[in-house]
Amino acid sequence: LRKLSDLNPPVAVNFESEGINTSDGKNKLVISILSALAELESQQKSIAIKEGIRYRMQEGLYKFSVKNTIGYYRDYSGRGKIEPAEAEIVRYIFDCFIEGASPSKIAKALTEQGIRSPMGMDHWKQATIRNILRNEKYCGDVLYQKSYSKDYLTHKSVKNRDVLPQWYWENNHPAIIKREQWSKTQELLTAGHWRKSSKPLEGMEKKFTVAKVKSGVLRGYFLLDMMWSKDERDQFIEIINSINELDDGQEERNE
C-alpha cells in the first residue's frame with residue numbers, strides 16, 4: 001500500500017468488505033491494525049505448515065520436489081519414478097566422472113551435444129554437474145531439510161547449515177545409480193582431486209529412450225512419436241514392460 005501511495009499520481013486501494021479506502025487519511029490506523037493481524041495470521045499458518053512438513057520428513061513421508069531434478073518425475077499418484085530419457089544423462093555424468101572427466105569437462109560435453117540442463121538451459125555449468133554428483137537421490141536415498149524458508153513473508157530459501165535437524169532415509173525411491181558407483185563418486189569429490197583424462201569425451205550413446213511428462217495434468221504419461229518405426233514401437237513396448245516390472249518389484253519390497 002505504501003508503494004502504491006508513493007507513485008505519481010498515487011494509487012488508492014478500496015477494501016470493499018471492510019469499507020476502507022486508502023485515500024482517506026483517517027483509515028491509516030485501521031489499516032495498520034488489520035495489517036498487523038493479517039501478518040500474525042500468516043506467521044501462525046507458516047509455523048503450522050512447517051511443523052506438518054517436518055513431521056512428514058521425520059516419518060519418511062514427505063515428497064521431495066522433482067521439478068528441477070533431472071532423471072525423476074512423479075506419476076498421477078505422486079510416486080517418484082525414473083524418467084528413462086533423463087536417467088541416461090545422469091548415468092553418462094557419473095560414468096564420465098569416474099572415468100576421469102572433470103565436472104567442467106562434462107558440462108562442456110553436454111553443452112556441445114545440445115542436451116538441455118535440468119533448468120532447461122542450453123548451457124551446462126560446472127556447479128550443476130557437481131550438484132548432480134553430490135545428490136543422494138540418484139542412489140535411491142533422500143536427505144530431508146537441506147534448505148529451509150527463513151522468512152515466512154519473503155519465503156526465501158537458505159541452506160540448512162546445522163540450524164535445523166535433518167533426516168536421511170535409505171532406499172526411499174528407485175535408484176538410477178548403483179550405490180557402489182555413487183559411493184566411489186563421493187570419495188573422489190571429497191578428496192578434491194580425481195584422475196584427469198586428457199582424451200575428449202565421447203558423446204552419449206544414441207539409445208532409444210522414452211520421455212515422460214513431469215508436471216501438469218498429463219504428469220506421468222509417456223510421450224509418443226508418430227514417426228517411430230515398427231522396431232522403435234516394439235522397443236517402446238519393451239521399455240514400458242521393464243518399467244512396470246521394476247515398479248511392481250519396488251512395491252513388493254516396500255510391502
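Annotations
- Residues being of a type in the set (D, E, K, R) and part of a helix (DSSP H, G or I) - total across region 64-88: 2
- Taken across region 96-106, residues that are more than 22 Å from GLU187 (Cα to Cα), in contact with a Lys or Arg (Cβ under 8 Å, 6 or more places away or on another chain), of a type in the set (Ser, Thr, Tyr) and touching a residue at least 12 places away in the same chain (Cβ under 8 Å) do not occur at all.
- Cβ pairs under 8 Å, 6+ apart, first in region 140-154 and over 22 Å from ARG179 (Cβ atoms), second open to solvent by 60 Å² or more (accessible area, probe 1.4 Å) and in a strand (DSSP E or B): SER147/SER157; SER147/LYS159; TYR148/SER157; SER149/SER157; LYS150/SER157
- Some residue of region 129-150 being of a type in the set (Lys, Arg) and either under 30 Å from LEU37 (Cβ atoms) or part of a strand (DSSP E or B) (or both): yes
- Scanning region 135-186 for residues that are under 18 Å from MET57 (Cβ atoms), open to solvent by 30 Å² or more (accessible area, probe 1.4 Å), within 20 Å of the chain's Cα centre (by Cα) and among the aliphatic types (A, V, I, L, M) gives LEU143, VAL158.
- Filtered by the rule that a residue be part of a loop (DSSP other than H, G, I, E, B) and small (Gly, Ala, Ser), region 106-128 gives GLY114, SER117, GLY120.
- Number of positions in region 107-129 that are among the small types (Gly, Ala, Ser), closer than 20 Å to GLU202 by Cβ and open to solvent by 30 Å² or more (accessible area, probe 1.4 Å): 1
- Whichever residue in region 1-51 is part of a loop (DSSP other than H, G, I, E, B), touching a helix residue (DSSP H, G or I) at 6+ places or on another chain (Cβ under 8 Å) and not acidic (Asp, Glu) and, among such residues, is surrounded by the fewest Cβ atoms within 10 Å (Cβ to Cβ): PRO10
- Boolean, LEU61 is farther than 30 Å from ILE106 by Cβ and assigned to a helix (DSSP H, G or I): no
Listed here are the residues, each with its yes/no results for (1) at pLDDT below 85; (2) open to solvent by 20 Å² or more (accessible area, probe 1.4 Å); (3) not β-branched (Val, Ile, Thr).
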position: TYR62; (1), (2), (3): no, yes, yes
position: VAL66; (1), (2), (3): yes, no, no
position: ILE70; (1), (2), (3): no, no, no
position: TYR76; (1), (2), (3): yes, yes, yes
position: ILE82; (1), (2), (3): no, yes, no
position: PHE94; (1), (2), (3): no, no, yes
position: GLU99; (1), (2), (3): no, yes, yes
position: LYS105; (1), (2), (3): no, yes, yes
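- Residue satisfying all of: in region 183-228; among the hydroxyl-bearing types (Ser, Thr, Tyr) and modelled with pLDDT under 85; nearest to ARG116 (Cα to Cα) among these: THR209
Residues checked against (1) more than 20 Å from TYR221 (Cβ to Cβ); (2) touching a strand residue (DSSP E or B) at 6+ places or on another chain (Cβ under 6 Å):
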residue	(1), (2)
ARG2	yes, no
LEU7	yes, no
ASN21	yes, yes
GLY60	yes, yes
TYR76	no, no
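- Annotation for region 89-104: no member residue is closer than 17 Å to LEU143 by Cβ, in a loop (DSSP other than H, G, I, E, B) and out of contact with any helix residue (DSSP H, G or I) (no Cβ under 7 Å at 6 or more places or on another chain).
The values are calculated or read from the model by the stated rules, or taken from the named source; none is laboratory data. Owing to the predicted nature of the structure, the values given are computational and were not obtained by experimental measurement. When we count neighbours, we look across all protein chains shown, and the Cβ atoms used for this are built from the backbone with ideal geometry, even at glycine. Note: areas computed on protein heavy atoms with side chains; ligands, DNA, RNA excluded. Shrake-Rupley method; radii C 1.70, N 1.55, O 1.52, S 1.80 Å.
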